[in-house]
Amino acid sequence: MIKTVLMQKHQKNPFYTLTSLSSHSSFPHLRPALLIIILISYFFSFVSLLAQETISISGKVRDKETGEDLIGAQVFAKDIGKGVITNAYGYYSLSIPKGNILLIVRYAGYQEFKKSIEFINDQTLNIELLPLTSSAEEIVVEATKKNENVTSTEMSTVQVSIEQLKRIPVVLGETDVLRTLTLLPGITVQTEGGTGFNVRGGSTDQNLILLDEATIYNASHLFGFFSVFNSDAIKDFKLYKAGIPASFGGRLSSVLDVRQRDGNVKSISGIGGLGLISSRLLLEGPLFSEKGSFMIAGRRSYADIFLPLSSDESIRNNIAYFYDLNLKLNYELGENDRVFLSGYFGRDNFEIAEIFGNGYGNSTLTLRWNHLFGKKLFSNFSAIYNNYDYELRNLTPASAFEIQSNIISYTLKADFTFYMNDTHKIDFGAETLHYNFVPGNVVPIRGSNVRNTSLDRRYAYEGALYVTDEFTLNSQLTIDFGLRFNYFSRVGEEVERQYLNDKPLVYNPSLGTYDDGIVIGEKRFTQNQALANFSGFEPRISLRYLINDDISIKASYNRTRQNLHLISNSASPTPLDLWTPSSRYISPQIADLIALGWFQNFNDDEFEFSIETYFKYLGNVIDFVDGANLIANNFIETEVLRGLGRAYGLELFIKKNKGDLTGWVSYSLGRTERLISGTDGGVGINNGNWYPSNFDKTHNLSVVGTYQLSKRWSVSSVFVFSSGAPINYPVGRYQFSNLIVALYDGSRNQQRLPSYHRLDVSFRYDSEATEGFRSAWVFGIYNLYNRLNAASIVFRENEDTPGQTQAIQTSFFGIVPSVTWEFKF
């Protein structure tokens, strides 16, 4: 089998190799400087401890109406100018001197807690905040806590309140976390309807998506038009684009950390909605005399209910639907212990009668135990189960078959937070994962003559240790330093091909192509015997220099490693794309990212402004062979190649948080490129030169606004503009037998689709609450001026004029109206 394949020369990539990379560093000069900073910080901490006697106050911050833990609430001791942020379970611990302290607690959308309290000994202080919508005449929508965007060490993070999320107009009125993220700087989608999202030029598989700590491998429904996240069931979400905490690993570009609601511990309540495409319902309430609570939420589309009503038989026999089920239970064992059990189960099923079908879904279970060791050490232990399955069905009579694939993983984690004093907070922990990859089982269906076959299973172990220290040197400079060690082992039971000179692909100079490597034998590995091992350190550092209360400068550097790869020959992932672990022939991907930003607030936090620039360098980037055969392929190493990548850009963000008009303007200027050089004299992709990746979008502009017309009515609008996605156009054609074959010049991604832009609007009417029941009507128009944006362009023979080539544009959406009724009780 002959392929036009281009593989990277090892001499052009001295930094990234097939072996352990732990001894290498892109920035070796940082090591002594970091060590000096750490030693100085601990010296100042020791002096601070000797200078005054301190006590510890700790506890949880919760919603007074529901008992929900509030993530990221600010607990601030004004007299001493010190404060902390509650963790993912609403817990805080603050060291303060004895005496009277004015304690202030803030959280977006809630009344501020402000009280002077005399503290004599260590004390547990749980605080409940009342939502503004319950008692305040004016509703203020804020996405962040007061000044947090300036004062925290976090940069390149994205966080939007759920209430604000629900006011943004979306296609078919279905509120969507992922679609909202793409309206913020540095986050794009390949094309309209494309699954996944791209962060600062990274591929879609380079995003770690977590739901209650469980990995979601495919976060899309209906081929990418919706995400798996039911907004009613979501309590909080945060996306890290840079400065990724050392507690997260396994992906190069970003981490999306999504947390489900815990459940109302005070009373039975519910949330729901009826829309044109789907309906949803959530119920929650107390358990065990208010020592615990439950949450259950379901969502389902119902196109399949109406398809059988069609008079057209070709439509009547089709299937198209998706569903979600979110579950969560929690119980307080005592003052220092709490357990959680949460799960997600979702599925898509699509079928064109007698032609094609596919289905895919995620199933997760997470069991967690929170324990307090004293007042300063918080711990969380997790056991996690994941199962992502996907299938392809060929429904052609006499040759019908189904390909079934799975990724099953088991995770054990232990995370600790030690609140040393008011200048140090140390996070540390460990995790271990076991992967079971089922690349594909081919099963005949409907009595076809297709042979039942199975591809070899693949197994792997991954482990990590991490530590992070957030310390304050003085009132202006705060540093967050982290270090993560990652270990990955590809293990048997497996039979591995052995290639001549360890080359799965070899260059054929006479044809100018690459052929499959010469197989010289096979090696059998027993259960848990290592085929290949990889390890390395991942340093992370973030710095914040506070110029004044409203202005700060931030910088970050992080290294990330990725041991799993999504092998795809399409621009965006589909349920049929293949996940494969690193091996002897496919190395872990590695990225080094530097970011620098200016953050400023105006007019008492009414306006936020930030400007960030970044540069990212990637090694062992995976790309596909031209004409790659990925389906039911047992030797994927003969279909892929590796190379280098880089991404760089500038991001601007302006946001209005208060008043009748709220919203933001986001602009990103960026480039992301790949370099795949040839071996054995081959010229490589794009003649061995840098070329735009599939995810390169030079310009991205989003304008989002919500205006409160009256107490009941509000209007929201979104305008988006982006450069067209890279594409390859043919340069000629020839006829072979009765077929017309397109000719390409060998360059990669040198043309682009037309620019993308659209305008969406929605109107929301909130009815007056009666006996605890609230409802709202949302009327929306997606793509108001009916712009037919190009999702793809293909070329074919002009049916009206034989001998001429015709360009055909595919567009998913024109103008789309929607109406949704939402309710809460």
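The values are calculated or read from the model by the stated rules, or taken from the named source; none is laboratory data. What you are looking at is a predicted structure, and each value in this text was computed from that prediction instead of being measured. All Cβ positions, even for glycine, are placed from backbone atoms using ideal geometry, and neighbour counts span all protein chains on display. Keep in mind that these areas ignore ligands, DNA and RNA; they rest on the heavy atoms of the full protein, side chains included. Shrake-Rupley method; radii C 1.70, N 1.55, O 1.52, S 1.80 Å.
Residues that are modelled with pLDDT under 95, open to solvent by less than 20 Å² (accessible area, probe 1.4 Å) and within 27 Å of PHE721 (Cα to Cα): does segment 629-637 have at least one? No, there is no match, as no residue in segment 629-637 is modelled with pLDDT under 95, open to solvent by less than 20 Å² (accessible area, probe 1.4 Å) and within 27 Å of PHE721 (Cα to Cα). Just for segment 795-825: of the residues that are open to solvent by less than 40 Å² (accessible area, probe 1.4 Å) and in contact with a helix residue (DSSP H, G or I) (Cβ under 8 Å, 6 or more places away or on another chain), which one is farthest from LYS266 (Cα to Cα)? That would be PHE813.
Among the residues making up segment 494-521, those that are in contact (Cβ under 8 Å) with a residue 60 or more places away in the chain, over 13 Å from TYR585 (Cα atoms) and either of a type in the set (Asp, Glu) or in contact with a strand residue (DSSP E or B) (Cβ under 7 Å, 6 or more places away or on another chain) (or both) are VAL506, TYR507, ASN508, LEU511, THR513, TYR514, ASP515, ASP516. Inclusion of ILE611 among residues that are at pLDDT below 85 and either over 30 Å from ASP549 (Cβ atoms) or under 27 Å from the mean Cα position of the chain (by Cα) (or both) is not warranted. Taking the criterion of being among the acidic types (Asp, Glu) and open to solvent by 20 Å² or more (accessible area, probe 1.4 Å), the residues of segment 150-191 that qualify are GLU154, GLU163.
Residues of segment 208-236 that are buried (at least 24 other Cβ atoms within 10 Å of the Cβ) and in a strand (DSSP E or B): ILE209, LEU211, SER220, HIS221, PHE226, SER227. Restricting attention to segment 183-207, the residues that are over 23 Å from GLU391 (Cβ atoms), touching a residue at least 40 places away in the same chain (Cβ under 8 Å) and part of a loop (DSSP other than H, G, I, E, B) add up to 12. Residues in segment 794-825 that are in a loop (DSSP other than H, G, I, E, B) and touching a residue at least 12 places away in the same chain (Cβ under 8 Å): 6 in all. Within segment 778-819, the residues that satisfy the criterion of being more than 28 Å from the chain's Cα centre (by Cα) and at positive phi are ASN786, GLY803. The number of residues in segment 645-704 being among the small types (Gly, Ala, Ser), in contact with a Ser or Thr (Cβ under 6 Å, 6 or more places away or on another chain) and modelled with pLDDT under 95 comes to 4. Just so you know, in segment 584-608 the residues that are open to solvent by less than 30 Å² (accessible area, probe 1.4 Å) and in a loop (DSSP other than H, G, I, E, B) include one that is modelled with the lowest pLDDT, and it is ASP605.
Check segment 776-793 and report whether any residue there is free of Cβ contacts under 8 Å to residues at least 24 places away in the same chain, open to solvent by 60 Å² or more (accessible area, probe 1.4 Å) and more than 19 Å from ARG179 (Cβ to Cβ). No. Between ARG299, ARG368, ARG347, ARG338, the distinction of being more than 28 Å from LEU433 (Cα to Cα) and either without any contact (Cβ under 8 Å) to a residue 24 or more places away in the chain or not polar (S, T, N, Q) (or both) belongs to ARG299 only. Of all residues in segment 351-377, those that are open to solvent by 40 Å² or more (accessible area, probe 1.4 Å) and within 22 Å of the chain's Cα centre (by Cα) total 2.
Looking at (1) under 27 Å from the mean Cα position of the chain (by Cα); (2) at pLDDT below 95; (3) open to solvent by 40 Å² or more (accessible area, probe 1.4 Å); (4) within 30 Å of ASP469 (Cα to Cα), which one does ASN336 not meet, given that it meets all the others? Going through (1) under 27 Å from the mean Cα position of the chain (by Cα); (2) at pLDDT below 95; (3) open to solvent by 40 Å² or more (accessible area, probe 1.4 Å); (4) within 30 Å of ASP469 (Cα to Cα) one by one, ASN336 breaks only (1).
Conditions tested, residue by residue: (1) in contact (Cβ under 8 Å) with a residue 24 or more places away in the chain; (2) surrounded by fewer than 16 Cβ atoms within 10 Å (Cβ to Cβ); (3) outside any strand (DSSP E or B).
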position: LEU392; (1), (2), (3): yes, no, no
position: SER399; (1), (2), (3): yes, yes, yes
position: GLN404; (1), (2), (3): yes, no, no
position: PHE418; (1), (2), (3): yes, no, no
position: ARG446; (1), (2), (3): yes, yes, yes
position: ARG451; (1), (2), (3): no, yes, yes
position: GLU470; (1), (2), (3): yes, no, no
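Annotation: of all residues in segment 339-354 being hydrophobic (A, V, I, L, M, F, W, C) and at pLDDT below 95, the one that is nearest to ILE445 (Cα to Cα) is ALA353. Checking the conditions here, which among ILE216, ILE162, ILE209 is at pLDDT below 90 and among the hydrophobic types (A, V, I, L, M, F, W, C)? After ruling out the rest, the residue left standing is ILE162. Every condition in (1) under 21 Å from the mean Cα position of the chain (by Cα); (2) closer than 24 Å to VAL150 by Cα is met by LYS697 except one, and the failing one is (2).
Within segment 306-333, the only residue that satisfies the criterion of being more than 32 Å from the chain's Cα centre (by Cα) and either at pLDDT 90 or above or under 23 Å from LEU283 (Cα atoms) (or both) is LEU333. Mind listing whichever residues of segment 76-107 are of a type in the set (Lys, Arg), in contact with a Lys or Arg (Cβ under 9 Å, 6 or more places away or on another chain) and not in a loop (DSSP other than H, G, I, E, B)? The one that is of a type in the set (Lys, Arg), in contact with a Lys or Arg (Cβ under 9 Å, 6 or more places away or on another chain) and not in a loop (DSSP other than H, G, I, E, B): ARG106.
Might you let me know whether segment 727-739 holds any residue that is at pLDDT 85 or above, within 34 Å of the chain's Cα centre (by Cα) and among the hydroxyl-bearing types (Ser, Thr, Tyr)? So far as segment 727-739 goes, no, none of its residues is at pLDDT 85 or above, within 34 Å of the chain's Cα centre (by Cα) and among the hydroxyl-bearing types (Ser, Thr, Tyr). Kindly evaluate SER382 against the criterion of being hydroxyl-bearing (Ser, Thr, Tyr), outside any strand (DSSP E or B) and in contact (Cβ under 8 Å) with a residue 40 or more places away in the chain. No. Does ASP79 satisfy the criteria of being modelled with pLDDT under 85 and open to solvent by 40 Å² or more (accessible area, probe 1.4 Å)? Here the answer is yes, as ASP79 does meet what is asked.
Whenever a residue of segment 591-612 is more than 30 Å from ASN486 (Cα to Cα), its partners that are among the polar types (S, T, N, Q) and in a strand (DSSP E or B), lying with C-beta atoms within less than 7 angstrom and at least six residues away or across chains, give the pairs TRP598/SER610; PHE599/SER552; PHE599/SER610; PHE607/ASN601; GLU608/ASN601; PHE609/GLN600.
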